[in-house]
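A.B. asks: Have a look at the structure that comes next, please.
The values are calculated or read from the model by the stated rules, or taken from the named source; none is laboratory data. Because the structure is predicted, anything quoted here is derived from the model rather than measured. All Cβ positions, even for glycine, are placed from backbone atoms using ideal geometry, and neighbour counts span all protein chains on display.
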Amino acid sequence: DAGVTQSPTHLIKTRGQHVTLRCSPISGHKSVSWYQQVLGQGPQFIFQYYEKEERGRGNFPDRFSARQFPNYSSELNVNALLLGDSALYLCASSLELGSRLFFGSGTQLSVL
Amino acid sequence: GENVEQHPSTLSVQEGDSAVIKCTYSDSASNYFPWYKQELGKRPQLIIDIRSNVGEKKDQRIAVTLNKTAKHFSLHITETQPEDSAVYFCAASRGGNFNKFYFGSGTKLNVKP
């Protein structure tokens with residue numbers, strides 16, 4: 001029984017570049033959320049998608065965007081990377097809105 | 001928006017002792033409170049959760065209590081074991097169409113053998 005899968009696991013980029021992170025939810029889950037976790041802190045909400053529509057957005061700049069595909073997988077895009085974007089990016093899926101949230105192992109992004 | 005505060009930031013206990021981690025929240029509309037355990041380099045794992053229509057929930061050595069009036073909830077781990085060592089996060093959500101989760105800053109639990 002596959003859990004939430006994310007790729008890549010690690011990524012190194014330089015300032016100004018863009019990055020695309022990918023997530024596959026648990027089979028049957030219709031909602032995908034993205035969180036940013038800076039070292040030593042709790043995850044911070046970036047986006048939530050449900051049935052391919054954006055249902056929530058956190059306090060992140062427009063450089064951050066996401067989408068959800070018909071198979072419920074999702075991508076998080078970050079443009080014009082800054083040093084402060086270095087973090088663990090977690091994807092989480094839930095069966096429905098308001099259901100339990102299950103996390104993937106994350107993508108560790110380092111911006112140099 | 002919601003603000004979740006978590007204490008303590010670090011907690012060291014002897015194997016077999018109990019551990020208690022406390023969280024407070026600010027949004028009275030929050031009605032779902034999960035707890036996650038995150039081991040170093042691994043994904044946060046849901047260990048227990050509680051909805052606002054109950055005051056306490058127990059699962060083997062782990063229990064969560066909720067006081068809606070005071071807007072705080074706590075995680076209780078009894079008979080701690082070295083494998084309980086990890087960072088624990090509390091979270092709060094309104095649930096329903098508002099599935100945004102607000103997380104506490106985490107508690108690093110160290111269980112000494």
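A.B. asks: As an exercise: evaluate A:Tyr72 against (1) in contact (Cβ under 8 Å) with a residue 60 or more places away in the chain; (2) under 26 Å from B:Pro34 (Cβ atoms); (3) out of contact with any strand residue (DSSP E or B) (no Cβ under 6 Å at 6 or more places or on another chain) and give the number of the one condition it does not meet.
C.D. replies: Condition (1) is where A:Tyr72 drops out.
A.B. asks: Can we say A:Leu109 is closer than 14 Å to A:Ile12 by Cα, under 11 Å from the mean Cα position of the chain (by Cα) and surrounded by 15 or more Cβ atoms within 10 Å (Cβ to Cβ)?
C.D. replies: On the way: closer than 14 Å to A:Ile12 by Cα: yes; under 11 Å from the mean Cα position of the chain (by Cα): no; surrounded by 15 or more Cβ atoms within 10 Å (Cβ to Cβ): yes.
No: the conditions fail for A:Leu109.
A.B. asks: List every residue pair whose Cβ atoms sit under 6 Å apart, with the two residues 6 or more apart in sequence or on different chains, where the first one lies in segment B:94-113 and is facing chain A (nearest Cβ under 7 Å) and surrounded by fewer than 19 Cβ atoms within 10 Å (Cβ to Cβ) and the second, anywhere, is part of a strand (DSSP E or B) and of a type in the set (S, T, N, Q).
C.D. replies: From segment B:94-113, the pairs are B:Ser105/B:Gln6.
A.B. asks: Hey, can you tell me all the residues within segment B:10-69 that are farther than 22 Å from B:Lys112 by Cα, part of a strand (DSSP E or B) and hydroxyl-bearing (Ser, Thr, Tyr)?
C.D. replies: B:Thr24, B:Tyr25, B:Tyr32, B:Thr65
A.B. asks: Checking B:Ser105 against (1) farther than 17 Å from B:Lys42 by Cβ; (2) not in a loop (DSSP other than H, G, I, E, B), only one condition comes out false. Which one?
C.D. replies: (2)
A.B. asks: Continuing with this model, one more query. Which of (1) touching a residue at least 24 places away in the same chain (Cβ under 8 Å); (2) in contact with a strand residue (DSSP E or B) (Cβ under 8 Å, 6 or more places away or on another chain); (3) more than 14 Å from every other protein chain (Cβ to nearest Cβ) is the odd one out, the single condition A:Ser65 does not satisfy?
C.D. replies: (1)
A.B. asks: Criterion first (buried (at least 16 other Cβ atoms within 10 Å of the Cβ), within 14 Å of chain A (Cβ to nearest Cβ) and in contact with a Ser or Thr (Cβ under 8 Å, 6 or more places away or on another chain)) does B:Val87 satisfy it?
C.D. replies: On the way: buried (at least 16 other Cβ atoms within 10 Å of the Cβ): yes; within 14 Å of chain A (Cβ to nearest Cβ): yes; in contact with a Ser or Thr (Cβ under 8 Å, 6 or more places away or on another chain): yes.
So B:Val87 passes the test.
A.B. asks: Would you check if there is a residue in segment A:28-40 being farther than 16 Å from A:Glu75 by Cβ, at the interface with chain B (Cβ under 10 Å from one of its Cβ atoms) and not acidic (Asp, Glu)?
C.D. replies: yes
A.B. asks: For segment A:38-51, check the following and say yes or no: at least one residue is surrounded by 13 or more Cβ atoms within 10 Å (Cβ to Cβ) and either among the charged types (D, E, K, R) or touching a helix residue (DSSP H, G or I) at 6+ places or on another chain (Cβ under 8 Å) (or both). Steps first, please.
C.D. replies: Going residue by residue through segment A:38-51, those that are surrounded by 13 or more Cβ atoms within 10 Å (Cβ to Cβ) are A:38, A:41-50.
Restricting the remaining residues to those that are either among the charged types (D, E, K, R) or touching a helix residue (DSSP H, G or I) at 6+ places or on another chain (Cβ under 8 Å) (or both) gives none.
No.
A.B. asks: Filter segment A:1-25 for residues that are of a type in the set (D, E, K, R) and either closer than 27 Å to A:Leu101 by Cβ or surrounded by 13 or more Cβ atoms within 10 Å (Cβ to Cβ) (or both) and give the result.
C.D. replies: A:Asp1, A:Lys13, A:Arg22, listed by residue number.
A.B. asks: Moving to a separate point now. Determine which member of the set B:Ser105, B:Ser93 is at pLDDT 95 or above and either out of contact with any His (no Cβ under 6 Å at 6 or more places or on another chain) or under 30 Å from A:Glu53 (Cα atoms) (or both). Don't jump to the end; show me each part of the working.
C.D. replies: Details: B:Ser93 fails: at pLDDT 95 or above.
Exactly one of B:Ser105, B:Ser93 is at pLDDT 95 or above and either out of contact with any His (no Cβ under 6 Å at 6 or more places or on another chain) or under 30 Å from A:Glu53 (Cα atoms) (or both), namely B:Ser105.
A.B. asks: Just give me the residues in segment A:86-105 being surrounded by 15 or more Cβ atoms within 10 Å (Cβ to Cβ), of a type outside the set (A, V, I, L, M, F, W, C) and without any contact (Cβ under 8 Å) to a residue 60 or more places away in the chain, in sequence order.
C.D. replies: A:Ser86, A:Gly98
A.B. asks: When segment B:10-32 is examined, which residues are found to be of a type in the set (Gly, Ala, Ser) and either exposed (fewer than 13 other Cβ atoms within 10 Å of the Cβ) or at pLDDT below 95 (or both)?
C.D. replies: Step one: list which residues in segment B:10-32 are of a type in the set (Gly, Ala, Ser), which gives B:12, B:16, B:18-19, B:26, B:28-30.
If the condition is that a residue be of a type in the set (Gly, Ala, Ser) and either exposed (fewer than 13 other Cβ atoms within 10 Å of the Cβ) or at pLDDT below 95 (or both), then B:Gly16, B:Ser18, B:Ser28, B:Ala29, B:Ser30 are the ones that fit.
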